[in-house]
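To keep things clear, I will list the structure first and then write my remarks on it.
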Amino acid sequence: MIDLVRRVPPGRPAIVDAATREELTYGALLERAGSAAAMLREAAGGRAAIFLVANQDVGAVVLYLAALTADLPVALLEPQPAALGQLAQAYAPALLVLPTPLAPPPGYVQCGEPDPGYVLWRTASRAERAPHAELALLLSTSGSTGSPKLVRLAARNLAANALSIAEYLEIGPEERAIASLPLNYSYGLSVLNSHLAVGAALVLVPHSFVRPEFWAAVDEHRCTSFAGVPFMYETLHRLRLDPRRHPTLRTFTQAGGALRPELIRHFCDLTRAAGARLFVMYGQTEASPRMAYVPPEELPRKIGSIGIAIPRGHMHLEPVAGMNGAREIVYEGPNVMMGYAEGPADLELPDTQDGTLRTGDLGNEDADGYFFVTGRLKRFAKLFGRRVNLEDVERALEERFGPAVAAFDGGDRIVVATGADGEVHVDAMRAHVAHVLAVPPSAVEVRAFAALPRSPSGKKNYRAIEAML
């Protein structure tokens, strides 16, 4: 990945900080990354893992590239002290790079400031074994839960996916993406990677996408693309976003989960009226993270599809034993991870995936070769001797009532949590689920809350929701 960045003419703009109006060229960005890389290498004293808590700022970009430059595997983490403590305890990384106000867990001593606003901390005990030579990046799939399970990615995985994304989105050197997603989230990082890989620019903004200052930055810096997850598009629908008010935006992308079909159609129509494009995409962190997309010209007739495989990728279906004809979506491509890690010993492992990822998503394929997700392998319950797809339950309720819901296996019943407290009567939801599943209403329990917890990327936080039940 860093080799792609080095090929860009040094005078081209790379990062724009909307808050300070600072603009870094590729030459300046690489110079700062190189300086920080020298400090990281010296502090590491050999090949070792780095944990970087990444804010939404220029320093995070510099330090991410510095780790790649220094050839030191880096875990990008969100600024959550509890999760940092749990992960540091599980992996005992040699180095921590933290934003200035954030204190390290016990056992670390300060050893420098690799970039303004960030402090370098070194552990007192040096790990004896080095990570695998190909390992470049570690990403969490569980948000702020602090789960020790991390995705192991090689530099070649990142480069392959960045170039594929740039190809199908037609990202050129003149593009400017607004950083609407966290850099420590695989989707947000892929926006950075795909733009830096081809000499385009990223505009960093400290404001949420719901703030007028965010959209003022879009216009002032002539941003050409916006990336969002379903929760963001649901919110923009309520805020009545009109892309015609932001004429430089030519591309809208959506990933991070399924968006309701009616909203896909709504934003498809809006973007077309504005002369822009909407890309509905599908991916997982395990694939760096994009695997499929729906070409905008096909979107009106492929609502609900995850699309076709990205360039140099391939998707097919494989039967699932004991599930009455259900088939799992399997992806193959150079962007597939090396495998998972759950502790420091796993960082030494070679590639265990061989370019193949069993997605855990059930699906089908239409006559045109477009794929559709129909459920998840692990999100099932058993009710009256029948397997119930919990995602089907959620989809049925959200299509009928609108607000987000989360369904769980309650043993002898289905338990549904909704964030629609006061908007929809729980009896109506209970009756609808009972009708759809052809079960007695007593087999369905619906609990209403003011809101359902979400991860920083906007996905439903099932673990936090289940803890509320």
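Overview of results
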| quantity | calculated |
| --- | --- |
| Region 224-339, Rg to Rh (Cα coordinates; Rh as Kirkwood inverse mean 1/r) | 1.03 |
| Cα long-axis angle, helix 390-401 against the chain (0 to 90 degrees, to the nearest 10) | 70 |
| Burial ordering of Cys268, Cys223, fewest other beta-carbon atoms within 10 Å first | Cys268, Cys223 |
| Three-way shape call for region 371-417 based on the alpha-carbon gyration tensor, with the a/c threshold at 1.5 | oblate |
| Relative exposure of Ser180, Ser208, judged by other C-beta atoms within 10 Å (fewest first) | Ser208, Ser180 |
| Whole-number D in µm² s⁻¹ for region 179-268, Kirkwood Cα-pair radius fed into Stokes-Einstein, 37 °C, 0.692 mPa s | 241 |
| Alpha carbon convex hull of the chain, projected area averaged over orientations, nm² | 21.9 |
| Calculated diffusion of region 321-410, Stokes-Einstein form, Kirkwood radius summed over Cα pairs, 25 °C and 0.890 mPa s, µm²/s | 154 |
| Residues whose placed amide H lies under 5 Å from that of Met291, excluding near-sequence neighbours | Tyr282, Gly283, Gln284 |
| Percent antiparallel among DSSP beta bridges (both partners in the chain, rounded to 5) | 65 |
| Counted charge near Leu349, where neighbours are those whose Cβ lies closer than 12 Å (Asp, Glu -1; Lys, Arg +1) | -3 |
| GluC sites (Glu not before Pro) lying in DSSP loop within region 414-469, provided at most 13 other Cβ fall within 10 Å | Glu423 |
| Taking only Cα atoms of region 380-468, radius of gyration then Dmax in Å | 12.2, 37 |
| q = 0.10, 0.15, 0.21, 0.22 Å⁻¹, region 85-230: log10 I(q)/I(0) [Debye, one scatterer per Cα] | -0.46, -0.98, -1.33, -1.36 |
| Tilt relative to the chain, helix 426-437 - C-alpha long axis, 0 to 90 degrees, to 10 | 80 |
| Neighbour-count ranking [beta-carbon atoms within 10 angstrom, fewest first] of Tyr462, Tyr331, Tyr26 | Tyr462, Tyr26, Tyr331 |
| Folded to 0 to 90 degrees: helix 186-196 orientation relative to the chain principal axis, Cα | 50 |
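Read the figures in this text as sums done on the coordinates, not as results from a lab. Keep in mind that what you see is a predicted model, and the values were worked out from it rather than measured. A quick note on method: Cβ atoms are made from the backbone with ideal geometry, for glycine too, and the neighbour counts reach across all protein chains shown.
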